[in-house]
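The structure appears right after this line, and notes come after that.
Rule-based calculations on the coordinates, nothing more; no lab input. Keep in mind that this is a model prediction, so the values were computed, not measured. FYI the Cβ positions are ideal-geometry reconstructions off the backbone, even for glycines, and counts take in every protein chain you see.
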Amino acid sequence: MTRKIYVLNGPNLNLLGQREPGIYGALTLADVEAACHKEGDALGFEIDFRQSNHEGVLVDWIHEAHSEAAGVAFNPGAYGHTSIALHDAIKAVIVPVVELHISNIHAREAFRHKSMISPAAKGMICGFGLDSYLLALRALKTLTE
């Protein structure tokens, strides 16, 4: 039986490929989605890939994952540094959440060094570009077996 994994993306990730390519690369969010589906197939996951610029929508999707998914790979974007609401949503669900970031947030501006998500997540992967998503999916494979 294929298990569903939510891959959630926060604000401004819809602009991948256009926004600061020196930091985020040239791949688009559609490219990331295709790679996640390919990796998901190899791992036995059905990937449900979503993006929103709205914090409350992301909270709703995390709540939904509680009953609909085996786990969540989550790139919260800038909300990772500011959102207590997302932290609390992750704490409220039983499915494992792996936080991920394309860039190494610890090698960037000081305000990006702290994550509000990490204390609630099972783990965090950052700095590996597109591979951060694939590594998060592999981590979820281990966490959900």
Could you name the aspartates and glutamates whose alpha carbon sits less than 15 Å from that of residue 91, not counting residues in the same chain fewer than 8 places away? 60, 64, 99
Comparing 39, 99, 64, which has the greatest mean-square fluctuation in the GNM of the chain with Cα pairs linked when under 10 Å apart? 64
Assuming 0.36 nm per residue, please report the length gained on full extension of the stretch residue 81 to residue 30 beyond their Cα-Cα distance. 15.9 nm
Among [x] 1.05; [y] 0.93; [z] 1.07, the value of Rg/Rh (Cα atoms, Kirkwood Rh) computed for this structure carries the label [y]
Just to verify a number: FRET efficiency for residue 19 and residue 68, C-beta to C-beta distance, R0 = 35 Å, to 0.05? 0.70
Given the rule -39500 (n - 2.57) for each run of at least 4 DSSP H residues, summed and divided by the residues of the chain, what is its mean residue ellipticity at 222 nm, to the nearest 500 deg cm²/dmol? -11500 deg cm²/dmol
I want to verify a result. In a Gaussian network model of the chain, Cα cutoff 10 Å, which of these has the top mean-square fluctuation: 105, 62, 90? 105
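Roughly speaking, what is the stretch gain from residue 50 to residue 104, that is 0.36 nm per residue apart minus the C-alpha to C-alpha distance, in nm to one decimal? Walk me through the numbers before you get to the answer.
Working: separation 54, 0.36 × 54 = 19.44 nm, distance 2.21 nm.
Answer, rounded to one decimal: 17.2 nm.
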Each label sits 7 Å from Cα toward the beta-carbon; between residue 143 and residue 3 the label points are separated, in nm, by 1.1
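Within segment 6-92, which trypsin sites (Lys or Arg not before Pro) sit in a loop by DSSP and count at most 13 neighbouring Cβ atoms inside 10 Å?
On the way: sites: 19, 38, 50, 91; in loops: 19.
Within segment 6-92, the qualifying trypsin sites (Lys or Arg not before Pro) (loop, at most 13 other Cβ atoms within 10 Å) are 19.
Using the 10 angstrom Cβ neighbour count as an exposure proxy, how do 15, 29, 134 rank, fewest first? Mind showing how you got there, number by number?
Values: 15 13, 29 16, 134 22.
Least to most surrounded, the residues fall as 15, 29, 134.
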